[in-house]
Amino acid sequence: MLDARFVRENVDAVRTALANRRATWDVDRFVALDEERRALIGQVESLQARRNELSKQIGGLMKSGDREGAERRKDDVRVINEEIASLEGRMDAVDTEVREMLLRIPNIPDDSVPVGADETANVEIRRWGTPPAFDFEPKPHWDLGPEMGVIDFDRGVKLAKSRFVVLGREGARLNRALIDFMLDTHASRGYREWWLPALANAETLTATGQLPKFEDDLFKTGEGLYLIPTAEVQLTNLHREEVLEGDTLPRDYCAYTPCFREEAGSAGRDTRGMIRVHQFDKVELVKFVRPEQSMEELEAMVADAEYILQQLGLAHRTIVLCTGDMGFSAAKTYDVEVWLPSYNGYKEISSCSNCKDFQARRANIKYRSPGEFKGSRFVHTLNGSGLAVGRTLVAVLENYQRADGSVVVPEVLRPYMHGQELIEPEQ
């Protein structure tokens, strides 16, 4: 959420930011409501001052014995009270509409974000590793997995519906190994692990920006709870309505959760396989930091996501998203993309964002540092995938496949696979 005062005092900058993000938001309506609100406050304060003056007069008239004059003043006070009540009712309505508008305006892009309309304007900043060169025709995971007996799409449809997947045999074990490897690695790099509910209430999802704008993307229960689309939701809200001590920042958190998305991508090639599904596993990273540290901490988070791929020996590249391709809550985002032979290209496997104080303002997460400043200030929040587990599993299967239909287990995963070095096709 943006500060209403910031929007009021930077209308032109907000218009430019919205245009750069290709976002629609009624700036003129907000300005009109803000002006009306301030006018209403002035009218109420003026009437309250007049009421106080009349109250003093009533006291004086009562002391002097002029009861008739006192009653007339009391009638005047009653009229003023009715006017104040009417104005305050309108103020409540204006405040409600202003808050609803502020909940729907996206974050302001950082000045370092490239301006562009869509993903074609994203900027690649580095690459790591070399895509594998096969001396045979490599298979996409949607063929390789079922042939090996480690992925079953048909049973996923039978148990639920399309875009759900069943993992069997070493597929299930590899998935679990990846989760444990990611969590252990991030813990060794300073992240504190949490175990979280897979359901969240509306207040929690509003705080991180999924509600109200993206309600159609969420699975909702009959009790008004939602299946979480990412552990970012729960990790960030651990400190909702709290004031943290400045000397405890930054706080680096991680968690594994299943994630659920009702809208799992658009038509096209991503409808095949495990790239876009309704339920997927993810290890998430979240940071709470001082404002002056947030960009430095964003770079560190991206490095943590890249490190997982480097340990797995998977070629990848890192790009910075342009203004038109960023998520709603982000001020700056890096995507890390892994090489997938089935696409003959790179595919997103992690997205790391600095939200600055956008989520903290919605969630009312602040910090204090008595020796530095008075009162409290909003923290900056960051989030990133560390990594999307299903896409990592796909990358391992496709990049480590052999001509005989088997798949080599990356060395760092073998301790989590009871020393298994090769996944062979099911006989």
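The values are calculated or read from the model by the stated rules, or taken from the named source; none is laboratory data. These numbers were taken from a predicted model, which means no experiment stands behind them. Cβ: placed from backbone, ideal geometry, glycine included. Neighbour counts: every protein chain shown. The protein model used for the area step is the full one, side chains on, heavy atoms only, and it has no ligands, DNA or RNA in it. Shrake-Rupley method; radii C 1.70, N 1.55, O 1.52, S 1.80 Å.
Okay, here's what the table says:
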item: Positions within segment 404-416 being farther than 14 Å from residue 143 by Cα and either buried (at least 18 other Cβ atoms within 10 Å of the Cβ) or among the small types (Gly, Ala, Ser) (or both), in sequence order; result: 409, 410, 413, 416
item: Test result for residue 120, without any contact (Cβ under 8 Å) to a residue 40 or more places away in the chain and either of a type outside the set (D, E, K, R) or part of a helix (DSSP H, G or I) (or both); result: yes
item: Failed item, numbered, when residue 293 is tested on (1) out of contact with any Asp or Glu (no Cβ under 9 Å at 6 or more places or on another chain); (2) closer than 21 Å to residue 393 by Cβ; (3) not basic (Lys, Arg); result: (2)
item: Contacts under 7 angstrom Cβ, first residue in segment 292-305 being touching a residue at least 12 places away in the same chain (Cβ under 8 Å), partner open to solvent by less than 10 Å² (accessible area, probe 1.4 Å) and in a helix (DSSP H, G or I), 6 or more apart; result: 304/186
item: Sole residue being closer than 30 Å to residue 172 by Cβ, in contact with a helix residue (DSSP H, G or I) (Cβ under 9 Å, 6 or more places away or on another chain), polar (S, T, N, Q) and assigned to a loop (DSSP other than H, G, I, E, B), chosen from 342, 350; result: 342
item: Residue within segment 308-329 that is open to solvent by less than 40 Å² (accessible area, probe 1.4 Å), out of contact with any Pro (no Cβ under 6 Å at 6 or more places or on another chain), part of a helix (DSSP H, G or I) and under 24 Å from residue 397 (Cβ atoms) present; result: yes
item: Test result for residue 22, touching a helix residue (DSSP H, G or I) at 6+ places or on another chain (Cβ under 8 Å) and at positive phi; result: yes
item: Condition check for residue 181: in contact with a strand residue (DSSP E or B) (Cβ under 6 Å, 6 or more places away or on another chain) and either modelled with pLDDT of 95 or more or not aromatic (Phe, Trp, Tyr) (or both); result: no
item: Qualifying residues in segment 337-356 (those that are in contact with a Ser or Thr (Cβ under 8 Å, 6 or more places away or on another chain) and touching a residue at least 40 places away in the same chain (Cβ under 8 Å)) - the one farthest from residue 401 (Cα to Cα); result: 356
item: Filtered residues of segment 330-344 (kept if closer than 12 Å to residue 399 by Cα and open to solvent by less than 20 Å² (accessible area, probe 1.4 Å)); result: 338, 340, 342
item: Count of residues meeting criterion [in a strand (DSSP E or B), charged (D, E, K, R) and open to solvent by 40 Å² or more (accessible area, probe 1.4 Å)] in segment 127-166; result: 1
item: Complete set of residues in segment 361-377 that are in contact (Cβ under 8 Å) with a residue 40 or more places away in the chain and of a type outside the set (Val, Ile, Thr); result: 361, 362, 363, 364, 366, 367, 368, 369, 372, 376, 377
item: Residue pairs meeting the criteria (Cβ under 6 Å; at least 6 apart or on separate chains; first under 23 Å from residue 44 (Cα atoms), in segment 61-82; second of a type in the set (Lys, Arg) and open to solvent by 60 Å² or more (accessible area, probe 1.4 Å)); result: 77/51; 80/51
item: Elements of type helices (runs of 4 or more DSSP H) in segment 1-75, at least 3 residues being open to solvent by less than 50 Å² (accessible area, probe 1.4 Å); result: 11-21, 27-64
item: Any hit, segment 215-222, residues being in contact with a helix residue (DSSP H, G or I) (Cβ under 6 Å, 6 or more places away or on another chain) and either open to solvent by less than 50 Å² (accessible area, probe 1.4 Å) or over 30 Å from residue 371 (Cβ atoms) (or both); result: no
item: Single residue of segment 92-112 satisfying the filter (more than 18 Å from the chain's Cα centre (by Cα) and part of a loop (DSSP other than H, G, I, E, B)) that is surrounded by the fewest Cβ atoms within 10 Å (Cβ to Cβ); result: 111
item: Yes/no for residue 360 being in a helix (DSSP H, G or I), within 17 Å of the chain's Cα centre (by Cα) and at pLDDT 95 or above; result: yes
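Each row is one residue, and each column tells you yes or no for (1) of a type in the set (Ser, Thr, Tyr); (2) in contact with a strand residue (DSSP E or B) (Cβ under 7 Å, 6 or more places away or on another chain); (3) open to solvent by 20 Å² or more (accessible area, probe 1.4 Å).
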residue: 225; (1), (2), (3): no, yes, yes
residue: 248; (1), (2), (3): yes, no, yes
residue: 255; (1), (2), (3): no, yes, no
residue: 259; (1), (2), (3): no, yes, no
residue: 280; (1), (2), (3): no, yes, yes
residue: 293; (1), (2), (3): no, no, yes
